[in-house]
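J.: I'd like to ask some things about the structure below.
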Amino acid sequence: MWFVVILSFLSYACNGSLVDQSTQSSVNAELNGTDITKINIEVEVMKGNFHALLLRVINNEHELTSLKGQTQQMEHELENTKRTFSCEIEGLRDVTIQFEQELNETINALNTINDTIQDLSHRVSVIDDKYSPLEIPGSYGNESGLTGDKRECPLNWTRSVDFGACYFFSDERMSWNDAQAQCSKQNGSLADIYSEKEDKWVADYCNQTEGNGIWIGGKRDHGVFKWFTSNGKTKDMNYTQWITDLENVVTVYPNYISRRCDILYITMLELLALLIIVPSAAIAADISVPMTQIRDQGNGQFEGHLTFALTEEVVGWEVVVTFSAPVTGLSQWMGTEIRHSADNKVHYIVNLEYDGIQHAGTTFDITVRGTAAGGSAPTATAILKNMGIDGFTVPPIINSDGTPYNYDEVITKSILFYAAQRSGKLPADNPIPWRGDSALQDSGDNGEDLTGGWYDAGDNVKFGFPMAASTTLLSWSLLQYKDAYQASGQLDAMYDCIRWPLEWLIKCHTGTNELYVQVGDGQKDHGVWGRPEDMKMDRPSYKITASKPGSDAAGEYAAAMAVGSIVFKDKDPAFSAKLLTHAKQIYDFAKTYKGKYSASVTEAAAYYNSDNYVDELSWAAAWLYMATNTSQYLTDAESSYLSGAAWGQSWDEKNAGTMILLYKITSKDKYKQDIEATFTNWLPGGTQSGRIPYTAKELAFRSVWGSLRYASNMAFMALLAAETGLHPTEYRNWAKSQIGYALGDTGRSFVVGFGVNPPTQPHHRASSCPLIPAPCSWANQQEKGANPHTLYGALVGGPDQNDRYTDSRTNYINNEVACDYNAGFQGAVAGCSMRDICDIIAIGHSTRKEIKSLNKLRKRTHGL
């Protein structure tokens, strides 16, 4: 305050003399001749000094202000530096934690090797070149005191120097299966006699021992060891000439041990190579068995048994039987022979519809009959393949953003879900190996090509109205959040994703006022449980025309094509122009001939019955304005707009999206008010009559049928509304809560193939079926285990109002999947990923997550 007083005094002094005129006269009188001039000079000097002091004070004030500014700047930079270091430290901690988790997973994976060695050992017999010889010189019998690479045989086993292996000779009668089990317990496997040299060694050993020594179909007969064939005939061991028809005597005497038991050694590198061939412990190992209990019925006719001991659930099977001689007229009761080799030695059998599911711990036996060339019963080996496990997995996707959920992974897998829904001729780069071409005969009344598009949900019908609605939302997400798809490495895949249905929508526009809206009969389709590749039922097509209008479906088609034309404008200008042309024509059709499509196409009413068509007209016009900037479309959009709070966003309800779009275009308060009224209803805490109820675990619950679909769609709308500047923190945080529920906030994921405890039995025909060529039927729908194929990225319907959910294939209300379920959900996830907004808790509260998110946002927007 001192300088204020001085300034006030100086200000007074600077306004005139230090003394008024009367005072000056009095002083002059008292001075009696004092030199007035001198005094005046001193006064002027004092005034000058005061001016100088004033300037210094002003300068000091400026310097003080400057110093304060510099100090604040330094404090700000220091705070930013602290935040940056804090973020980097937390980032390093996250990386360390992630590394530790991955390391633990790797250790756990390596620990499983010991558990798989025993299972793999019997398979090693088919790759004899992988065996490591013992390289131990000396006589037969056990040796001790071996060092280095020398490995001794187990007790009571005998070593062959010539063949570099340990042999066990059994004198116990037992079946082939029992013998194989005994060998497996000792890390060995029943093996074959492949050469005369090995036959001689066996004969020499047998003749040097006493007892009956039953081994490899050989036993002592009148003091001489002989081979015993399946028909009871004998041949001497130690042939003077190797007999070609006994070149491999693995099954010549099936009721006894028919192979030698070897100890097989395999290096770690060879084991890892085998594990690479078998990418997951969940993948079934083929079961190989010999044909046993062979009955030679004369003239080449025979009967035999293929007996498989099952160690896992089998959901569909194929058996490949290889005979030692050509076989014709092969018959059996358990399956269907689908083909055989040209020489009739190899035959392929698949299960019937009713016996494809076989349970672990049981024995599965197939009796085969046929006629073999050569006049005697053949030997055979059969391999059973479990068709219920496909082995397809998605490579790990790194969570580079450090967000609570790996949004890039969700986006990637959601796009894969749409690939799994494809109908028609699939492209060469089809990413879903268990899907093939299907519904290649789909056509219109006059033979128009209607192949392509998406199957709607867990069924195999193509419903155009919800397909177009899904395409519109997905295209909007790409338009709004293109950077998210780019960052996730899925930009090209996303273009392919939406192009597939857009091309089908174009095919459906077969005339100026003619538009196909459905292919397939819902009732007939739902009466069959099977894969789309096997469909044989009639698939009629249904269209709307001037006399049977459908403004709602046509409006949605036009909207999808309009936003698609914007998305592809730079990517593919020709395709963009084509989309826009069709969008304009279809909109004119919808506007001119008004009516509900489900009233014209009654076959759709039971599945997708339309409530109104006015919202689609406004929706389509708004998107056409965005695509063309033609004012008439904006006029149409506003005149058709249904004011008030929106019920929600869905395949049937478009008001929420329309109000956001019109507010973005016009900035009018009425659209802003409707948006706010809508989310006042949807966000928690409201008391108005239109508010949405919440479950105990905080899911906004609009309807039990696809509860997550509605919450996710509105989460997407909330993010889009926030992009216009409306309540960004509140709307974004709410969107985060709803998406978090779907991804695992409650302790389980509702996205197939993602997160903790995800669904494994979605109500979905194609993914529930075993691999082709095994048939698929209602038995597969009723099977209690996981679907044979993981339907990556599919969002299931979700819980009921009490947060209850049952992961069952028969639960189509809560556990079905659908194209429209994923559309808004994927858009919301893309929005979270692009802005990192789903990590920000609240503005003004500097949390660790917020700091990380803001730093990443700053990096992403740098230079924009």
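The values are calculated or read from the model by the stated rules, or taken from the named source; none is laboratory data. Note that this is a predicted model, so its numbers are computed, not measured. With ideal geometry, Cβ positions are generated from the backbone for all residues, glycine too; neighbour counts draw on all protein chains shown.
J.: Return only the number of the condition from (1) in a loop (DSSP other than H, G, I, E, B); (2) surrounded by 16 or more Cβ atoms within 10 Å (Cβ to Cβ); (3) without any contact (Cβ under 8 Å) to a residue 40 or more places away in the chain that Pro378 does not satisfy.
T.: Status for Pro378: all satisfied but (3).
J.: Just the residues that are free of Cβ contacts under 8 Å to residues at least 60 places away in the same chain and among the small types (Gly, Ala, Ser), please, taken from segment 444-465.
T.: Gly447, Gly452
J.: Oh, and also: Does segment 740-761 contain at least one residue that is more than 19 Å from the chain's Cα centre (by Cα), in a helix (DSSP H, G or I), under 26 Å from Thr680 (Cα atoms) and not aliphatic (A, V, I, L, M)?
T.: no
J.: Among Leu479, Leu505, Leu515, which is at pLDDT 95 or above and in a strand (DSSP E or B)? It would help to see each step written out before you state the result.
T.: Values: Leu479 fails: in a strand (DSSP E or B); Leu505 fails: in a strand (DSSP E or B).
The unique qualifying residue is Leu515.
J.: What number of residues within segment 659-690 satisfy the criterion of being under 30 Å from Thr630 (Cβ atoms) and either crowded, with 20+ Cβ neighbours inside 10 Å or β-branched (Val, Ile, Thr) (or both)? Show your work before the answer.
T.: Within segment 659-690, the subset under 30 Å from Thr630 (Cβ atoms) is 659-678.
Still in the list and also either crowded, with 20+ Cβ neighbours inside 10 Å or β-branched (Val, Ile, Thr) (or both): 659-663, 665-666, 671, 674-675, 678.
Count: 11.
J.: Continuing with the same structure: Looking at (1) farther than 15 Å from Ser551 by Cα; (2) under 33 Å from the mean Cα position of the chain (by Cα), which is the only condition Ala620 fails?
T.: (1) is the only condition that Ala620 fails.
J.: Additional query: List the residue pairs whose Cβ atoms are under 7 Å apart, where the first residue sits in segment 700-727 and is at negative phi, the second is assigned to a helix (DSSP H, G or I) and of a type in the set (Val, Ile, Thr), and the two are 6 or more positions apart or on different chains.
T.: Taking only residues 6 or more apart or on different chains, the pairs are Ser712/Ile739; Ala715/Ile739; Met717/Ile660; Leu720/Ile660; Ala721/Ile660; Ala721/Ile675; Thr724/Ile660; Leu726/Ile675.
J.: Looking only at residues in segment 307-319 that are surrounded by fewer than 24 Cβ atoms within 10 Å (Cβ to Cβ) and in contact with an Asp or Glu (Cβ under 9 Å, 6 or more places away or on another chain), which one is nearest to Gly530 (Cα to Cα)? Working first, answer last.
T.: We begin by selecting, within segment 307-319, every residue surrounded by fewer than 24 Cβ atoms within 10 Å (Cβ to Cβ); these are 307-313, 318.
Next, from what is left, pick out any that are in contact with an Asp or Glu (Cβ under 9 Å, 6 or more places away or on another chain): 307-308, 311, 313.
Details: Thr307: 29, Phe308: 27, Thr311: 26, Glu313: 20 Å.
That would be Glu313.
J.: Let me ask something else. Could you tell me which of the residues Gly644, Gly648 is touching a residue at least 40 places away in the same chain (Cβ under 8 Å) and either of a type in the set (S, T, N, Q) or in a loop (DSSP other than H, G, I, E, B) (or both)? Step through it out loud before you land on a result.
T.: Details: Gly644 fails: touching a residue at least 40 places away in the same chain (Cβ under 8 Å).
Of the residues listed, the single one that is touching a residue at least 40 places away in the same chain (Cβ under 8 Å) and either of a type in the set (S, T, N, Q) or in a loop (DSSP other than H, G, I, E, B) (or both) is Gly648.
J.: Something else about it: Mind checking which residues of segment 599-641 are surrounded by 15 or more Cβ atoms within 10 Å (Cβ to Cβ) and outside any helix (DSSP H, G or I)?
T.: Val601, Tyr607, Tyr608, Ser610, Asn612, Tyr613, Tyr641
J.: How many of the residues in segment 566-622 are closer than 18 Å to Leu505 by Cα and of a type in the set (Val, Ile, Thr)?
T.: 5
J.: Next question, about the same structure. Glu503 versus (1) surrounded by fewer than 19 Cβ atoms within 10 Å (Cβ to Cβ); (2) of a type outside the set (Gly, Ala, Ser); (3) more than 29 Å from Ala774 (Cα to Cα); (4) touching a helix residue (DSSP H, G or I) at 6+ places or on another chain (Cβ under 8 Å): which is the lone unmet condition?
T.: Of (1) surrounded by fewer than 19 Cβ atoms within 10 Å (Cβ to Cβ); (2) of a type outside the set (Gly, Ala, Ser); (3) more than 29 Å from Ala774 (Cα to Cα); (4) touching a helix residue (DSSP H, G or I) at 6+ places or on another chain (Cβ under 8 Å), only one is false for Glu503: (4).
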